[in-house]
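Have a look at the structure below, then the notes.
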Amino acid sequence: MRVFLDANILFSAAWRDEAGAALLWTLAKSGYCQLLSSRLAVEEARPNLASKRPERSEILENLLGTIYIGAEPGAAQLAAAKAHGLPSKDIPILAAAMVQKVDLLVTGDRRDFGHLYGQAIQGVTILPLQDTLERLLDNASGTCNAL
């Protein structure tokens, strides 16, 4: 399963070692998902973490080194994302997830993305972290049961 990480998920995973978002990397290392993001999400996460917990910036860089930073969206994806009532800062995030053809976009931004939680837009289902982890673990359990 291809999972796109919003900036707040990148930030949260680097914030502390025991962060729930860090479980995504554990699942990826076990082969249950592929983690992706965009240049824009990374550019948002880096300065936010550096201003609040600069000692964790190296952790973020290590995490970023293990994910795929995919293609940036074009005009068509930006226009499609704009139609879903997102603030201008979040349109490129949804559009990048669409162009990268991910299965899930995980974001903790309930204020801006909350109205889209659980919806699939051009094949991209938008979920909060907990729902993403549950879906990945359910898939992992199904894979284990099938073996």
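Please treat every number below as a calculation from the coordinates, not as lab data. Computed from a predicted model, the values in this text were never measured in an experiment. Neighbour counts are summed over all protein chains in view; Cβ atoms, including those assigned to glycine, are modelled from backbone coordinates with ideal geometry.
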(message) Explain nothing, just the number: dipole magnitude of region 1-131 about its Cα centre with +1 on each Lys and Arg Cβ and -1 on each Asp and Glu Cβ, in debye rounded to the nearest 20.
(response) 120
(request) Please list the non-local residues whose amide H lies under 5 Å from the amide H of ILE121, H modeled 1.01 Å from N, same-chain partners needing a gap of 5 or more. (result) ILE126
(message) Loop-only trypsin sites (Lys or Arg not before Pro) in region 64-118, please: DSSP not H, G, I, E or B, and at most 12 other Cβ atoms within 10 Å.
(response) LYS89
(message) Can you tell me how region 20-81 classifies by the Cα gyration tensor, rounded, prolate or oblate, using a/c under 1.5 as the rounded cut?
(response) oblate
(message) Give me, ordered by chain and number, the residues 5 or more places off LEU36 or on other chains with an amide H under 5 Å from its own placed amide H.
(response) VAL3, PHE4, LEU5, TYR68
(request) Return the single residue from ALA97, ALA75, ALA14 with maximal mean-square fluctuation; model: Gaussian network over the chain, springs between Cα atoms under 10 Å. (result) ALA75
(request) Would you mind ranking THR66, THR125, THR107 so that the residue whose beta carbon has the fewest other beta carbons within 10 Å leads the list? (result) THR66, THR125, THR107
(request) Using mean projected area of the Cα convex hull in nm² as the read-out, say which of (i) 10.4; (ii) 8.5; (iii) 9.4 was calculated from these coordinates. (result) (ii)
(request) Hydropathy first: keep DSSP H helices in the chain averaging at least -0.5 on Kyte-Doolittle, then drop any whose Cα extent along the axis falls short of 15 Å, and list what survives. (result) 129-146
(message) Only counting other Cβ atoms within 10 Å, I'd like SER141, SER51, SER12, SER57 sorted with the fewest neighbours first.
(response) SER51, SER141, SER57, SER12
